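Undergrad: I am attaching a structure below and will ask some questions about it afterwards.
The values are calculated or read from the model by the stated rules, or taken from the named source; none is laboratory data. Because the structure is a prediction, the values reported are computed rather than measured. No Cβ is skipped: glycine too gets one built from the backbone with ideal geometry, and neighbour counts run over all protein chains shown.
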């Protein structure tokens with residue numbers, strides 16, 4: 001965490017793929033499959049930004065589903081985390097990042113900087129999850 005309480009900016013790059021249909025709690029800790037560097041920072045250590053390709057995003061609208069909504073509703077009656085909803089939100093963010101990466105690559109990017117998330121309710125039991133950032137072309141610094 002930095003001094004303002006936000007997560008530190010880290011460059012994340014992995015080669016394995018997440019099964020988005022897996023709802024097991026251990027999938028919450030699994031790395032996101034990335035074919036390119038993606039970071040919340042506005043620079044990538046050891047690289048220079050050669051070209052800014054503009055805004056890139058990944059968006060989806062997700063329903064909790066009847067079973068999780070039903071059991072999660074009961075869990076919400078008592079204080080504490082509601083794992084059924086945590087799983088759904090985490091999976092939605094992961095899928096939004098994967099879509100962001102696909103969009104950035106379609107623009108010709110080999111990295112995404114300044115990544116952020118946003119979410120909003122679009123209807124009862126439906127939430128929009130948006131991941132957005134700046135698609136860039138990078139190369140190793142000399």
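Undergrad: Is it true that residue 133 is surrounded by 17 or more Cβ atoms within 10 Å (Cβ to Cβ) and at pLDDT 95 or above?
TA: Against the criterion (surrounded by 17 or more Cβ atoms within 10 Å (Cβ to Cβ) and at pLDDT 95 or above), residue 133 qualifies.
Undergrad: Filtering the stretch 91-113 down to residues that are touching a residue at least 12 places away in the same chain (Cβ under 8 Å) and surrounded by fewer than 17 Cβ atoms within 10 Å (Cβ to Cβ), which residue is farthest from residue 59 (Cα to Cα)?
TA: The initial filter retains those residues of the stretch 91-113 that are touching a residue at least 12 places away in the same chain (Cβ under 8 Å), namely 91-105, 107-113.
With surrounded by fewer than 17 Cβ atoms within 10 Å (Cβ to Cβ) added as a condition, the list becomes 102, 105, 107-108.
On the way: 102: 11, 105: 15, 107: 16, 108: 19 Å.
The qualifying residue farthest from residue 59 (Cα to Cα) is 108.
Undergrad: Do you know which of the residues in the stretch 120-129 that are surrounded by fewer than 19 Cβ atoms within 10 Å (Cβ to Cβ) and touching a residue at least 12 places away in the same chain (Cβ under 8 Å) is nearest to the chain's Cα centre (by Cα)?
TA: The extreme case among them is 128.
Undergrad: To continue, here is another question. Condition check: crowded, with 19+ Cβ neighbours inside 10 Å, under 21 Å from residue 47 (Cα atoms) and either modelled with pLDDT of 85 or more or in contact with a strand residue (DSSP E or B) (Cβ under 7 Å, 6 or more places away or on another chain) (or both). Does residue 141 satisfy that?
TA: Values: crowded, with 19+ Cβ neighbours inside 10 Å: no; under 21 Å from residue 47 (Cα atoms): yes; either modelled with pLDDT of 85 or more or in contact with a strand residue (DSSP E or B) (Cβ under 7 Å, 6 or more places away or on another chain) (or both): yes.
Against the criterion (crowded, with 19+ Cβ neighbours inside 10 Å, under 21 Å from residue 47 (Cα atoms) and either modelled with pLDDT of 85 or more or in contact with a strand residue (DSSP E or B) (Cβ under 7 Å, 6 or more places away or on another chain) (or both)), residue 141 does not qualify.
Undergrad: Condition test on residue 53, is it modelled with pLDDT of 95 or more and in contact with a strand residue (DSSP E or B) (Cβ under 7 Å, 6 or more places away or on another chain)?
TA: Taking the combined requirement at face value, the residue satisfies it.
Undergrad: Among the residues in the stretch 93-101, are any modelled with pLDDT of 85 or more and assigned to a strand (DSSP E or B)?
TA: Looking through the stretch 93-101, none of the residues is modelled with pLDDT of 85 or more and assigned to a strand (DSSP E or B).
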